[in-house]
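For reference, the structure discussed in these notes is given below.
The values are calculated or read from the model by the stated rules, or taken from the named source; none is laboratory data. No experiment lies behind these values; they were computed from the predicted model shown. Here Cβ is always computed from backbone atoms with ideal geometry, including for glycine, and neighbour counts include all displayed protein chains. Keep in mind that these areas ignore ligands, DNA and RNA; they rest on the heavy atoms of the full protein, side chains included. Shrake-Rupley method; radii C 1.70, N 1.55, O 1.52, S 1.80 Å.
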Amino acid sequence: MSSPASKIVDAVGGPDNIVGLTHCATRLRFQLRDSSPIDKAEVEAIPGVMGAVPQSGNRYQIVIGGAVAGVYNDIMDLPAMKGLSSSSGNQSDADVKAEHRCKGPRGKFSWLDNLFEYLSDSFRPIMGALLGASLFITFMALMG
């Protein structure tokens with residue numbers, strides 16, 4: 001029986017289809033050669049996968065949750081993935097985004113993609129303060 005890591009790699013087209021792989025707090029972020037043959041339902045049926053998010057520009061995200069670092073390490077430890085770890089697996093998420101931003105339009109409305117990416121990148125540094133303030137306001141409202 002194959003592991004969830006190998007099932008994920010097979011579902012996205014195998015190791016030859018993967019150009020780059022990074023992860024964030026909850027998602028595996030794939031850069032693929034061709035994302036068109038991926039069956040979203042097949043990916044979501046893999047044990048441990050919470051969802052799949054197709055992106056423009058042959059990017060594909062698979063939602064794993066808090067165990068994403070372990071699944072990422074399992075994928076990178078697969079014998080078929082050894083070549084990827086030395087080439088593009090060391091790029092940070094910001095490097096991957098910058099590389100794909102330079103390749104031209106990413107979707108039907110690239111200006112909208114750029115706007116939302118700018119907004120999300122702008123709010124990221126102050127998310128802790130916003131969360132703390134909202135918790136304080138909620139606590140004060142409940143006390144009142």
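What is the list of residues in the range 33-50 whose amide nitrogen lies under 19 Å from a point 7 angstrom out from the Cα of S110, following Cα to Cβ?
The answer is 33-35.
So between A80 and D39, what do we pick up on full extension, going 0.36 nm a residue minus the alpha carbon distance?
The A80-D39 span can extend by a further 12.6 nm.
Starting from the Cα of D121, step 7 Å along the direction of its Cβ; do the same at M50; then give the gap between the two resulting points in nm.
Between D121 and M50, the label points sit 2.6 nm apart.
Ignoring everything but the protein chains, give the 1.4 Å probe accessible area of R124 in square angstrom, nearest 10.
Result for R124: roughly 140 Å² accessible.
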